[in-house]
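To start, the structure itself, in structure tokens.
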Amino acid sequence: METDEPETLGVAAVAAARYLTAGEVVALPAETVYGLAANAFDPVAVAKIFAVKERPDFDPLIVHVRNLEAVREIAMIPSEIEDVVLKLANAFWPGPLTLLLPKKPVIPDSVTSGLPTVAVRVPSHAVFRRVLKECRLPLAAPSANRFGRISPTTASAVVKELGGRIPLVLDGGACGEGVESTILRITRPPGSPKPVLEVVRAGPVTRELLKQFGIVKKGSREPRPDAPGQLQSHYAPTTPLRLLAEGEGFSPQPGKTYGLLSVDGEPGRLNLSDFAMVAVLSPGSGKLSEAAIRLFALLRQLDEAGLDEIIAESVAEQGVGVAIMDRLRKAAGRGGNGND
Ligand code: AMP
Ligand code: MG
């Protein structure tokens, strides 16, 4: 599917909207990763998302809508945080920022896993926006992978994950951000001069970008009773992954094959000849944004290469590097503050 060709995009979006209106699930590109979408008003359609992904029902979904007006149809914006919500919406929507807001009764409990809040965002990807416009429904859409696996950032990765389980995968090319949205819980404790922004999941909207809007707090790494879904081992390749600390060396065991997920391809303390495959996160610009875009596709390639172990270098924990490290810790089975 050519997404830069409006007629074709329109035809595909109309087809996707028809499936969605009829209660089916379809895979769509977002600027973050590919999503598996269903009508968020329809509990039967939402149940299909959980079934197709084999996702446990205690892991709530993010609902995607066209604009702030549509947010107000499904969520309440409490008066004490309205000011900051409007500022954040103005600064980051459409885009990869998800807000947790008190849900309205129109959203079925299965979408929020029984929580009183709903996770909402306004996506910026042209294909996703076109589908939202065609179907005029809020779309619940988690990443289009089987539960606990690496999120897909291309249509072919979706087909590998879910092919045969869903009627349509809309190909919109590679995703422009590459990691899942930043999730924020906003509160204004009595007497606090500024709102508190708790980063429940690190993503493309970084702490640096958020700090002008309030006091930015890191989300808890412990699962909390009011936020199920903060599960520990996710984004997991089937090949074991070891995350090296900055500057840590590596010695191979004889007879084993290793792959390296390198930040910039500069060997540093590592010996490149120890690795059967070397994948470089940021070969061109050296920037973390490039690393984020390439992260999941490279993890997939390494996972498919039949290696005994994947060795990953740490990236700098600044900007979107915080989100990358969160996903790498998850891939290594060591938790983080995000999830599938
Ligand atoms: P995904 O859609 O797979 O990118 O992940 C959605 C994640 O958003 C869930 O796994 C939760 O961690 C988080 N989430 C969604 N809704 C809520 C909510 N109401 N409260 C807290 N976290 C939520
Ligand atoms: Mg996911």
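Across the chain, the relative contact order, built from alpha-carbon pairs under 8 Å that are at least six residues apart, equals 19 percent.
For Ser124, what accessible surface area do you get with a 1.4 Å probe? Give it in Å², rounded to 10. Ignoring ligands and nucleic acids, Ser124 comes out at about 50 Å².
Full extension of the segment from Lys104 to Arg165, taken as 0.36 nm per residue of separation minus the current Cα-Cα distance, would add 18.9 nm. One chain, two ends: Lys256 and Glu69. Fully extended at 0.36 nm per residue, the span grows by 61.7 nm beyond their Cα-Cα distance. Our estimate of slack between Thr238 and Asp83, defined as 0.36 nm per intervening residue step minus the Cα-Cα distance, is 51.3 nm. Measuring nothing but protein heavy atoms, the accessible surface of the range 256-302 at 1.4 Å probe radius is 50 percent carbon and sulfur. Dipole check for the range 249-312: with +1 at the C-beta of Lys and Arg, -1 at the C-beta of Asp and Glu, and the Cα centre as origin, the magnitude is about 100 Debye.
Measuring nothing but protein heavy atoms, the accessible surface of the range 96-146 at 1.4 Å probe radius is 53 percent carbon and sulfur.
The accessible-area ordering, largest first, of the residues Phe50, Phe41 stands as Phe41, Phe50, per a 1.4 angstrom probe. Between Arg146 and Ala276, the C-beta separation translates, for a Förster distance of 41 Å, into a calculated FRET efficiency of about 0.95.
When His125, His64 are compared by accessible area at a 1.4 angstrom probe, the order from most to least is His125, His64. Under the criterion of Cα pairs below 8 Å and six or more residues apart, the relative contact order for the range 86-222 equals 22 percent. Across the protein chains, with a 1.4 Å probe defining accessible surface, the residues Thr21, Thr257, Thr98 rank Thr21, Thr257, Thr98 from largest area downward.
Spatially, the range 184-220 and the range 96-156 are offset by 21 Å when compared through their Cα centroids. What the Cβ-Cβ distance of Val44 and Arg18 gives, at R0 = 22 Å and to the nearest 0.05, is a FRET efficiency of 0.85.
Under a point-charge model restricted to the Cβ atoms of Lys and Arg (+1) and Asp and Glu (-1), what is the dipole moment magnitude of the chain relative to its Cα centre, in debye to the nearest 20?
About 780 debye.
Centroid-to-centroid, using Cα positions, the range 20-64 and the range 252-287 are 36 Å apart. Counting only protein heavy atoms and using a 1.4 Å probe, the accessible area of Glu24 comes to about 60 Å².
If R0 is taken as 22 Å, the Cβ-Cβ distance between Arg269 and Glu317 corresponds to a FRET efficiency of 0.70.
The values are calculated or read from the model by the stated rules, or taken from the named source; none is laboratory data. What you see is a predicted model; the values in this text were computed from it and never measured. Cβ coordinates were reconstructed from backbone atoms using ideal geometry, including for glycine residues, and neighbour counts include every protein chain displayed. In case anyone asks, the SASA skips ligands and DNA or RNA and just uses the protein heavy atoms, side chains included. Shrake-Rupley method; radii C 1.70, N 1.55, O 1.52, S 1.80 Å.
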